[in-house]
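> Handing you this structure, nothing more for now.
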Amino acid sequence: MHNPALMVHETGALPSEDITTLATIPCMTVERTVLSLGAVLAPSVVEMAVDNALRRQLTTIGDLRAIVHR
């Protein structure tokens, strides 16, 4: 099924601790997603993503720090 509103990216280079599943679909963890956003988006946008993830209790400051220090 093709949906022009979606963009799929694939890589074989992710460590297993950065992968989770959602409805049986493998995807990056919230922490890895936020970290990866930092490479392609403005800091203000990444800050909004971090705030949103923390507010929704999808991650913690500790978990975000841990992935940065790996």
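> Which of the residues spanning region 15-50 are in a loop (DSSP other than H, G, I, E, B) and either more than 24 Å from ARG65 (Cα to Cα) or in contact with a helix residue (DSSP H, G or I) (Cβ under 7 Å, 6 or more places away or on another chain) (or both)?
Selection gives ALA23, THR24, THR29, GLY38.
> Of the conditions (1) exposed (fewer than 10 other Cβ atoms within 10 Å of the Cβ); (2) modelled with pLDDT of 95 or more, ALA49 satisfies every one except a single condition; which number is it?
Unmet condition: (1).
> Mind listing just one residue for me: the one in region 1-33 that is open to solvent by 90 Å² or more (accessible area, probe 1.4 Å) and charged (D, E, K, R) and, of those, farthest from LEU54 (Cα to Cα)?
Among them, the one singled out is GLU10.
> Report yes if some residue within region 56-70 is at pLDDT below 95, open to solvent by 50 Å² or more (accessible area, probe 1.4 Å) and either in contact with a Ser or Thr (Cβ under 6 Å, 6 or more places away or on another chain) or basic (Lys, Arg) (or both); otherwise report no.
yes
The values are calculated or read from the model by the stated rules, or taken from the named source; none is laboratory data. Only a predicted model underlies this, so the values are computations on that prediction, with no experimental measurement involved. Cβ atoms come from the backbone with ideal geometry, glycine included; neighbour counts cover every protein chain shown. With ligands, DNA and RNA removed, areas are computed over all heavy atoms of the protein, side chains included. Shrake-Rupley method; radii C 1.70, N 1.55, O 1.52, S 1.80 Å.
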